[in-house]
Amino acid sequence: MDRPAPESRAGERAHAVVVGGGFAGAAAASALAEAGVTVTLIEERATLGGRTSSLKDGVTKQDVDNGQHLFLGSYRDTRAFLKRLGVEDRILFGKSFSIPFINRMGHRSILEPRVFSGRLGLLAGIFAFREMKWRDRISLLWGLGRARFLAPERVRTLTVSRWLTTLRQTPGARRAFWDPLCLATLNEQPDRAAAEALLCVLQQGIFSDGKSRSMGHATLPLNRLWSMELGPYLQRADGRLAARQKATGFRVEGNRVTSVEVAGESFVDAEVFVLATELAAAELIAPAPLREAFAPIQKHDHAPIVAVNLWFKEPPFKEPLVGLLDMDLHWIFNRETLWGPTAAGQISAVISAARPHLGRTSEELIALALADLRRAFPGFQEEPLHASVLWEHQATPSPTPDFIKHRLPVRTPLANFSGRRLGGRGLAPHH
């Protein structure tokens, strides 16, 4: 680091407390430790990872992620965090994005850059994408050209659907490109999602050059991606990981936080504090001077994700990822291709923004997933050896324009207290 580590009043290294052991909290804790700060990371659960987690299937004994998570090359902070812990190679990035799509009739086409590198390759890929007619392709290229240099404030009050109307996007371009992109990256339907958020995806990801435009996936379950390395990393910098510890509040003097209250441990003093829990938990324990800031976002909904996990003797496809069009399922992942033999036969079928399916039973969702698999692969009639359903009912805050407007900032009026950008999420598909 070019700048010296913060110091306490006694001239010793500063002590920072980070509350929350998900991606955001772990990244903040490791960055502080790298800067020479002694860090205590407080996590209520026994495991790290937050909403990006894994569990053991009771029948197959295989690891199952809570929905498949993908990574964009433009996730610079995430990549820097993984590199800091020495595990960046556990995310496998392609040279660029390449996604096969299958429609309801079983017809396959691939959206990928072609022939040329950079943006010319993207344009060539759009022209070769058979799910769109010529009119749709021209519409999409026009829309992407307009979006490339558009200032975010121009779309701040618009939903994705309204924005696409102003861009004169055809129904075919929306169906084959815009809708899947919105669901994958924002976990919300275009008529609810904020155009500003999707514009950020385009400008920082798809319009970027090189690795920023690539897409990657973890080569092992999320519970083994970085959680085992974080504790030792903090310890080497004289810090510690306090798992199974619950932060219940903060003490404030003037415009500074002085300590965090931990159930069973009284108060932990520090010079720097970071709150990186999910929104509902943050609202309960945030310092009193910040509580009013939560009022505008209390009414906002969350967007659910459901994953139907299926095990077959021989899955119907070998690609790591296939997108489905005109079906209930949005994405299907071959976990054996992603992780290797430890996930033999495992398919994860994902429905993003799954609000319309909340009333369905597990049996209904499994039947729905099988029906879509057989539409996508008409010759596939194998029955699953085993199946399970995993819901994330509050997977992400619903990123509506009003939510984006009132989203809490990282900086706060308290001089030594900050929070993650509450309401953000790494990619999904979840995602």
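Here's a check for you: in the stretch 142-163, which residue that is in contact with a helix residue (DSSP H, G or I) (Cβ under 8 Å, 6 or more places away or on another chain) and hydrophobic (A, V, I, L, M, F, W, C) is nearest to Asp179 (Cα to Cα)?
Val160
If you check Leu186, Leu222, Leu241, Leu234, which single one turns out to be open to solvent by 40 Å² or more (accessible area, probe 1.4 Å) and closer than 30 Å to Trp339 by Cα?
Leu241 is the lone residue from the list that is open to solvent by 40 Å² or more (accessible area, probe 1.4 Å) and closer than 30 Å to Trp339 by Cα.
Return the only residue of Ser398, Ser362, Ser348 being of a type in the set (S, T, N, Q) and modelled with pLDDT under 95.
Ser398
What about Glu229, is it acidic (Asp, Glu), outside any loop (DSSP other than H, G, I, E, B) and more than 17 Å from Val17 (Cα to Cα)? If you could, list the steps in order and put the result at the bottom.
Working: acidic (Asp, Glu): yes; outside any loop (DSSP other than H, G, I, E, B): yes; more than 17 Å from Val17 (Cα to Cα): yes.
Yes; evaluated as a whole, the condition is true for this residue.
Got a sec? Which strands (runs of 3 or more DSSP E) wholly within the stretch 243-326 have at least 2 residues that are in contact with a His (Cβ under 8 Å, 6 or more places away or on another chain), at pLDDT 90 or above and under 23 Å from His393 (Cβ atoms)?
Because the criterion is at least 2 residues that are in contact with a His (Cβ under 8 Å, 6 or more places away or on another chain), at pLDDT 90 or above and under 23 Å from His393 (Cβ atoms), the strands (runs of 3 or more DSSP E) in the stretch 243-326 that meet it are 302-311.
Taking the condition buried (at least 22 other Cβ atoms within 10 Å of the Cβ) and of a type in the set (Gly, Ala, Ser), does Ala371 pass?
Spelling it out, it is not the case that Ala371 is buried (at least 22 other Cβ atoms within 10 Å of the Cβ) and of a type in the set (Gly, Ala, Ser).
Looking only at the stretch 35-48, filter to residues that are buried (at least 16 other Cβ atoms within 10 Å of the Cβ) and hydroxyl-bearing (Ser, Thr, Tyr); which one of those is farthest from Leu241 (Cα to Cα)? Let's see the steps before the verdict.
Initially, the stretch 35-48 is screened for residues buried (at least 16 other Cβ atoms within 10 Å of the Cβ), giving 35-44, 48.
Among the residues that remain, those that are also hydroxyl-bearing (Ser, Thr, Tyr) are: 38, 40.
Working: Thr38: 11, Thr40: 6 Å.
The selected residue is Thr38.
Can you pull out the helices (runs of 4 or more DSSP H) entirely within the stretch 129-212 that have at least 2 residues that are farther than 22 Å from Arg355 by Cβ?
Correct list: 134-148, 160-166, 195-201.
What residue, among those in the stretch 316-338 that are open to solvent by 50 Å² or more (accessible area, probe 1.4 Å) and of a type in the set (D, E, K, R), is nearest to His386 (Cα to Cα)?
Filtering the stretch 316-338 for residues that are open to solvent by 50 Å² or more (accessible area, probe 1.4 Å) and of a type in the set (D, E, K, R), the one nearest to His386 (Cα to Cα) comes out as Glu336.
Could you check the stretch 287-334 and list, in sequence order, the residues that are touching a residue at least 60 places away in the same chain (Cβ under 8 Å) and closer than 30 Å to Phe250 by Cα? Don't jump to the end; show me each part of the working.
Filtering the stretch 287-334 for residues touching a residue at least 60 places away in the same chain (Cβ under 8 Å) gives 287, 289-290, 293-294, 296-297, 300-314, 316-317, 319-327, 330-331, 333.
Within the stretch 287-334, Pro287, Pro289, Leu290, Ala293, Phe294, Pro296, Ile297, His300, Asp301, His302, Ala303 meet the criteria.
Just give me the residues in the stretch 385-421 being assigned to a loop (DSSP other than H, G, I, E, B) and touching a Lys or Arg at 6+ places or on another chain (Cβ under 9 Å), in sequence order. Lay out the reasoning, then the answer.
Of all residues in the stretch 385-421, those assigned to a loop (DSSP other than H, G, I, E, B) come to 385, 398-400, 407-410, 412-416, 420-421.
Residues satisfying the conditions are Leu385, Ser398, Pro399, Thr400, Arg407, Leu408, Pro409, Val410, Leu414, Ala415, Asn416, Arg421.
Conditions (1) buried (at least 21 other Cβ atoms within 10 Å of the Cβ); (2) not in a loop (DSSP other than H, G, I, E, B), marked per residue:
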site: Thr342; (1), (2): no, yes
site: Ser348; (1), (2): yes, yes
site: Ala353; (1), (2): yes, no
site: Pro356; (1), (2): no, yes
site: Glu364; (1), (2): no, yes
site: Ala367; (1), (2): no, yes
site: Phe380; (1), (2): no, no
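Kindly indicate the residue of the stretch 49-63 that is open to solvent by less than 60 Å² (accessible area, probe 1.4 Å) and among the charged types (D, E, K, R) and also nearest to the chain's Cα centre (by Cα) among those meeting that condition.
Step one: list which residues in the stretch 49-63 are open to solvent by less than 60 Å² (accessible area, probe 1.4 Å), which gives 49-50, 52-54, 57-58, 60, 62-63.
Among the residues that remain, those that are also among the charged types (D, E, K, R) are: 57, 63.
Details: Asp57: 22, Asp63: 19 Å.
The selected residue is Asp63.
Could you list all residues from the stretch 262-287 that are over 27 Å from Thr400 (Cβ atoms) and open to solvent by less than 70 Å² (accessible area, probe 1.4 Å)?
If the condition is that a residue be over 27 Å from Thr400 (Cβ atoms) and open to solvent by less than 70 Å² (accessible area, probe 1.4 Å), then Val262, Ala263, Phe267, Val268, Ala270, Glu271, Val272, Phe273 are the ones that fit.
Sort out which residues of the stretch 292-315 are closer than 19 Å to Pro384 by Cα and either of a type in the set (Val, Ile, Thr) or open to solvent by less than 30 Å² (accessible area, probe 1.4 Å) (or both), and write them in order of number.
Hits for the stretch 292-315 are Val306, Ala307, Val308, Asn309, Leu310, Trp311, Phe312, Pro315.
Provide a single number: the residues in the stretch 389-413 that are under 19 Å from the mean Cα position of the chain (by Cα), touching a residue at least 40 places away in the same chain (Cβ under 8 Å) and either crowded, with 17+ Cβ neighbours inside 10 Å or more than 14 Å from Arg355 (Cα to Cα) (or both). Outline the logic, then answer.
Keep residues of the stretch 389-413 that are under 19 Å from the mean Cα position of the chain (by Cα), which gives 390-401, 403-404, 407-410.
Filter again for touching a residue at least 40 places away in the same chain (Cβ under 8 Å), leaving 390-401, 403-404, 407-408.
Subset that is either crowded, with 17+ Cβ neighbours inside 10 Å or more than 14 Å from Arg355 (Cα to Cα) (or both): 390-392, 395-401, 403-404, 407-408.
Final tally of qualifying residues: 14.
The values are calculated or read from the model by the stated rules, or taken from the named source; none is laboratory data. Only a predicted model underlies this, so the values are computations on that prediction, with no experimental measurement involved. Here the Cβ is made from the backbone with ideal geometry for all residues, glycine too, and neighbour counts use every protein chain on show. These area figures cover heavy atoms from the full protein model, side chains too; ligands, DNA and RNA do not enter into them. Shrake-Rupley method; radii C 1.70, N 1.55, O 1.52, S 1.80 Å.
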